[in-house]
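Student: Got a structure here, written out as structure tokens. Questions coming.
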Amino acid sequence: MDIFSRAIAATPILRDLPVAAQVPIIVIAFVVASVVLNVASQLFLPKSRSAPPVVFHYFPIIGSAITYGMDPYTFFFDCKEKYGDVFTFVLLGRKITVALGPKGSNLIFNGKLSEVCAEDVYNPVITPVFGKDAVYDVPNAVFMEQKRFVKSGLTSDNLRVYVGQIVDETEQFLKNDPKFAGFKSGKSAPVDIFKAMCELTILTASRTLQGEEVRQNLDKSFAGLYHDLDGGFTPLNFIMPGLPLPANFKRDRAQRKMAQFYSEIVAKRRAAGSAEGAEPSQHHDMIATLMEQKYKNGRPLTDTEISTIMIALLMAGQHTSSATGSWALLRLGSKPELIQEIYDEQVRVYGEPDGSLRPLDYETSKSSLPVLDAVIRETLRMHPPLHSLMRRVLQDIPVPPTLSANTRGTGLRQKEGETLIIPKGHNVLAAPGVSAIDPTYWPDADQFLPSRWLEGGILKSEEKNGGAKSEATKGAATSNETVDYGWGAVSTGANSPYLPFGAGRHRCIGEQFAYLQLGTIIATIVRNFDWKIDGGDGKIGKTPEPDYTSMVVLPKLPCDLLMTKRETA
Ligand code: HEM
């Protein structure tokens, strides 16, 4: 007799009920018993003094999945209040230890390879999408070399070419896409800006980094493959990778086809390059760069390595940049006076005597557009696309006294002099987005104030609105400490509350490209349009709330902006 039959036989009330009624009663009894046991174990079992405090939760296994998943920032701030900067929560059976604040980010991002490992966490969901032999499918030292290859393709020469290409793609889009085509000067209409930014991001990335073959195929087979591949990037796959779901079969098929597509590009270019009298490569894209690179041992990259890296760049840049661009345009739509400031800056820098605007160019856009730059920076402060960055703990990690002191203040268990230990087997989680909106570091932390990034400056529009003079740059201060993991010196980010691109060996290599892409797209849109979030009755509406259910933090739909074509455009 199994345990259920015995339980039924031993319980007179159950024995007399029909089977259909017995099952739900047993399930409910089981759930209640496990909740009671779980709560009792948290309240009454003795706890290790060195273990971080565990976030109280009713349901075993599920743990804090719902509160964390629905709104991670509210969850982190509540836990910080109750437990301090270091605490553990249960997420679908896994123990996740969070380390908040600049010191927490430093502990995780700059942890030793022998202590923390990103590959163990990311590999199961990422490798089926990106492909084999690169990124998280190879030892970290090899990945660091691959990051060096990519970095060597982001030269000023290439970036200079990209500005013109991005302007061209954006102009074409504004002219031909049904969302924008047909706008007459001075006329207004609503536009789904999230959809527009997704399309503009892939159009401009494929024209520049990905190369002309990818761009030409974007309207054909490539878009479908991209869509299916992207379907593999779900929070569910992070938690339970490898489920036999239709979306995962589609992902695998798309991965094979896309890898083959890149290999064919490489083969064609090799054949063209080795043809007699062939010109040296005129391509400024990343495929051309990767085809020229060699590992330290002199070996060139294989076709598979090239395709995996190209897919990685495509996917890593798409959601992050399109989400950031959407948030920036939406934030501007809630403060249209800032749009005017960006436009005025364009006129100041690029204005011609006849009233027209010179084309954007790399040199000036890099150094002479502080307002545009500040808008992107402030957008990334309030809306970093990635809220949780994880590593697997490979060996017990002692928490530095300065960080655990914060936990001691509220966590009650540790005594002075006792060290907190994050145990081997936990995942650690850095959430630099928490310190980026923490009022401890930023005056008016919940306000979108690009002026805080302008040296001693305050924007005209903010002055009008009585905005606080920005001494807030104290939050923007970053450490000058750098370290080289094999792909160039990079700031450790130690002690910075602002790390939208991460820090340490896994820091983003796309930052420069993302700024260039976003800045160029936004400036081109500002040159052509004015807009606002329509709040009805001529009022300005509110920025949409964040949606945390996908892999990056997106604005909740609808994301409509009321766009008006400039008379001057
Ligand atoms: C890594 C953010 C755009 C390529 C990262 C990380 C963050 C980040 C936070 C660190 C991940 C971790 O520590 O686990 C962003 C943001 C972007 C952006 C906010 C845009 C606004 C891009 C673009 C590319 C790119 C455009 C490619 C062209 C990468 C790569 C890594 C990375 C290759 C390295 C992953 C690793 O070493 O494990 N990014 N990213 N990113 N990003 Fe970006």
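Computed from the coordinates by the stated procedures, all read-outs in this text should not be read as laboratory data. Here the structure is a predicted model, which means the values were calculated and not measured. Because the Cβ atoms are built from the backbone with ideal geometry, glycine has one as well, and the counts that use them run over all protein chains shown.
Student: Answer rounded, prolate or oblate for segment 208-352, using the Cα gyration tensor with square roots of eigenvalues a ≥ b ≥ c: rounded when a/c is under 1.5, else prolate when a/b is larger than b/c, else oblate.
Tutor: Here segment 208-352 falls in the oblate category.
Student: Cross-link partners among lysines for residue 556, C-alpha distance below 21 Å, same-chain residues fewer than 8 apart left out?
Tutor: 179, 195, 335, 532, 539, 542
Student: Could I ask something else about it? If the cut-off is 26 Å between C-alpha atoms, which lysines fall inside it for residue 294, apart from same-chain ones fewer than 8 positions away?
Tutor: Answer for residue 294, where 26 Å is the Cα cut-off: 132, 147, 151, 257, 268, listed by chain and number.
Student: Is there a quick way to get the dipole size of the chain? I mean about its Cα centre, with the Cβ of Lys and Arg at +1 and of Asp and Glu at -1; what is the value in debye to the nearest 20?
Tutor: Charge dipole, the chain, about its Cα centre: 1300 debye, nearest 20.
Student: For Cα pairs less than 8 Å apart in space and 6+ apart in sequence, what is the mean separation divided by the residue count of the chain, i.e. the relative contact order in percent?
Tutor: 23
Student: OK, next. As I understand it, the dipole of segment 321-389 uses +1 on the Cβ of Lys and Arg and -1 on the Cβ of Asp and Glu, about the Cα centre. Which of 351, 383, 328 lies farthest toward its positive end?
Tutor: After comparing all options, I get 383.
Student: What net charge do the residues around residue 556 carry, taking every other residue with its C-beta under 13 Å from that of residue 556, with Lys and Arg at +1 and Asp and Glu at -1?
Tutor: -4
Student: Rounded to the nearest 500 deg cm²/dmol, what is the calculated helix-only ellipticity per residue at 222 nm for the chain, with -39500 (n - 2.57) per DSSP H run of length n ≥ 4?
Tutor: -16000 deg cm²/dmol
Student: Could I ask something else about it? Sort the following peptides by mean Cβ neighbour count (other Cβ atoms within 10 Å, averaged over residues), highest first: 496-502, 382-388, 439-445.
Tutor: Top of the packing list down: 496-502, 382-388, 439-445.
Student: Let me ask something else about it. Just to confirm the filter: which GluC sites (Glu not before Pro) across segment 102-176 are DSSP coil and have at most 11 other Cβ within 10 angstrom of their Cβ?
Tutor: Loop-located and lightly packed - none at all.
Student: Separate question: Select from 206, 178, 237 the residue farthest towards the positive end of the dipole of segment 143-240; place +1 on Cβ of Lys and Arg, -1 on Cβ of Asp and Glu, and compute about the Cα centre.
Tutor: 178
Student: I'd like to know which of 111, 139, 128 lies farthest towards the positive end of the charge dipole of segment 54-183, counting +1 on Cβ of Lys and Arg and -1 on Cβ of Asp and Glu.
Tutor: It is 111.
Student: What is the magnitude of the charge dipole of segment 85-159 about its Cα centre, with +1 placed on the Cβ of each Lys and Arg, -1 on the Cβ of each Asp and Glu, and no other charges, expressed in debye to the nearest 20?
Tutor: In debye, rounded to 20, segment 85-159 gives about 160.
Student: Taking every DSSP beta bridge that has both residues in the chain, what percent is antiparallel when rounded to the nearest 5?
Tutor: 85
Student: Okay, moving on. How long are the three semi-axes of the equivalent ellipsoid of the chain, in whole Å, if each is the root of 5 times an eigenvalue of the C-alpha gyration tensor, listed from largest down?
Tutor: In descending order, the three semi-axes are 43, 30, 26 Å.
Student: In whole angstrom, how far apart do the alpha carbon centroids of segment 59-117 and segment 282-356 sit?
Tutor: So the separation of the two Cα centres works out to 31 Å.
Student: Net charge around residue 544, counting only other residues with Cβ within less than 15 Å of its Cβ (Lys, Arg = +1; Asp, Glu = -1)?
Tutor: Result for the local shell: 0.
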